[in-house]
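Heads up, the thing below is written out as structure tokens.
The values are calculated or read from the model by the stated rules, or taken from the named source; none is laboratory data. Being a predicted model, the structure only gives us computed values, none of them experimental. Reconstructed Cβ throughout: ideal geometry from the backbone, glycine too, with neighbour counts over all protein chains shown.
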Amino acid sequence: MRTLLIAGMGDVARRALPRLVQHWKVLVLAHHAQAAETARAGAAIPIMANLDDAASLERLAGLADELWITAPPPNHGLRDSRTRKLLYALAKADRIPQRISYISTTGVYGNSAGNWLDECSPPMPQTERAWRRLDAENTLRAFARRHGSQLSILRAPGIYALERLPLTRLVQNTPLIRPEEDSFSNHIHADDLASLCIASLQQNRGGIRVYNACDQEPLTITDWYAMLADALSLPLPPRLSRAEVQAAVSPALWSYMAESRRFRHQRLAELGVTLRYPTARGFVAQLAANPAWQSVALAKAGKIR
């Protein structure tokens with residue numbers, strides 16, 4: 001059985017773990033006890049290490065045939081020092097991961113003013129957050145070329161699930177942009193993203209490939225929140241001009257709201273995955289019809305993603 005190393009045991013990785021352990025011996029990089037326990041509970045083997053501590057990563061060299069990176073970059077700067085340190089450690093052995101999958105972000109495309117983009121559209125990051133992701137992508141590209149590894153870069157938009165809906169804005173009555181000025185975005189359900197990542201690790205195509213890991217229907221921000229509010233019987237916040245919303249929200253939140261993009265995922269069919277939720281609208285329709293789901297969503301009232 002081949003060995004897979006996971007760097008980053010977040011929500012998407014936890015959803016994928018039951019399927020991954022059926023095909024690989026799974027090692028999980030864990031930097032605290034809770035992550036280690038999550039790995040053990042999922043039949044994986046935790047390795048205590050920290051992506052911010054290069055010395056702790058030395059033990060990883062030569063352990064894995066495949067590598068899945070879900071860990072985010074640091075919170076500051078333009079470079080992803082974590083991915084750089086991890087790859088530096090892995091390069092110190094003769095056994096190099098031959099298939100690599102990385103969850104990036106559609107934020108690397110910047111603001112297209114609502115125009116359509118596909119995987120061939122050039123990255124034009126406009127925030128430090130997006131620059132760090134693009135730096136990680138480029139670091140991985142160089143590593144893959146140097147070592148002949150297959151690399152899949154999955155650029156994900158807003159990730160959602162029943163337990164991680166962005167209800168804080170509704171609960172706090174954070175203003176939305178009025179429809180004629182609103183921003184577009186696609187979405188992806190966390191279970192679907194997990195399935196896409198697993199499929200990318202099972203491919204044998206070679207080379208480097210970028211995928212827009214998103215659903216089929218772009219929505220405006222207000223459409224997304226209006227559907228959620230209606231499904232959960234929550235009041236819809238006021239809709240204001242872009243200038244008024246920018247003045248009312250934090251710079252960090254505005255950096256998400258300001259960029260407008262619509263995506264085509266021309267290459268996603270290559271992965272052979274049928275999305276469980278091809279549109280966020282379809283998910284919300286199920287939410288509206290399921291009182292038990294509604295109770296879970298309202299109890300979680302998750303952070304904005």
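If you filter the range 40-91 down to residues that are among the acidic types (Asp, Glu) and in a loop (DSSP other than H, G, I, E, B), you find that the one that is surrounded by the most Cβ atoms within 10 Å (Cβ to Cβ) is ASP80. Residue under question is ILE100, and the condition is that it be touching a Gly at 6+ places or on another chain (Cβ under 9 Å) and outside any helix (DSSP H, G or I); does it hold? No: the conditions fail for ILE100. Please count how many residues of the range 8-22 are out of contact with any Ser or Thr (no Cβ under 7 Å at 6 or more places or on another chain) and small (Gly, Ala, Ser). Total satisfying the criteria: 1. Which of the residues that make up the range 61-89 are in contact with a Leu (Cβ under 6 Å, 6 or more places away or on another chain) and either at pLDDT below 95 or hydroxyl-bearing (Ser, Thr, Tyr) (or both)? Matches in the range 61-89: none.
Determine, yes or no, whether ALA190 is surrounded by 15 or more Cβ atoms within 10 Å (Cβ to Cβ), within 18 Å of the chain's Cα centre (by Cα) and farther than 23 Å from ALA113 by Cα. It is true that ALA190 is surrounded by 15 or more Cβ atoms within 10 Å (Cβ to Cβ), within 18 Å of the chain's Cα centre (by Cα) and farther than 23 Å from ALA113 by Cα.
Being in contact with a strand residue (DSSP E or B) (Cβ under 9 Å, 6 or more places away or on another chain), assigned to a helix (DSSP H, G or I) and within 29 Å of CYS197 (Cα to Cα) is a condition met by no residue of the range 237-251.
When each of ARG133, ARG145 is tested for being in the same structural domain as ASP11 (by TED's automatic domain parsing), surrounded by fewer than 19 Cβ atoms within 10 Å (Cβ to Cβ), at pLDDT 95 or above and in a helix (DSSP H, G or I), the lone residue that passes is ARG145.
Looking at the range 109-122, is at least one residue hydroxyl-bearing (Ser, Thr, Tyr) and in a loop (DSSP other than H, G, I, E, B)?
Yes, the conditions are met somewhere in the range 109-122.
If you go through the range 74-96 and pick out every residue that is among the acidic types (Asp, Glu) and in contact with a helix residue (DSSP H, G or I) (Cβ under 7 Å, 6 or more places away or on another chain), you end up with 1.
Within the range 235-269, the residues that satisfy the criterion of being in contact with a helix residue (DSSP H, G or I) (Cβ under 8 Å, 6 or more places away or on another chain) and without any contact (Cβ under 8 Å) to a residue 40 or more places away in the chain are GLN246, TRP254. Picking from residues in the range 259-305 that are of a type in the set (Val, Ile, Thr) and surrounded by fewer than 16 Cβ atoms within 10 Å (Cβ to Cβ), the one that is modelled with the lowest pLDDT is ILE304.
Hey, among the residues in the range 172-190 that are among the charged types (D, E, K, R) and touching a residue at least 40 places away in the same chain (Cβ under 8 Å), which one's nearest to ARG14 (Cα to Cα)? Once the filter is applied, the top-ranked residue is ASP182.
Could you say whether any residue in the range 20-34 is surrounded by fewer than 18 Cβ atoms within 10 Å (Cβ to Cβ), assigned by TED's automatic domain parsing to the domain that holds ASP135 and in contact (Cβ under 8 Å) with a residue 60 or more places away in the chain? Yes, the range 20-34 contains at least one residue that is surrounded by fewer than 18 Cβ atoms within 10 Å (Cβ to Cβ), assigned by TED's automatic domain parsing to the domain that holds ASP135 and in contact (Cβ under 8 Å) with a residue 60 or more places away in the chain. Counting only residues that are outside any loop (DSSP other than H, G, I, E, B) and within 16 Å of LEU165 (Cβ to Cβ), how many does the range 256-305 have? So the answer is 20.
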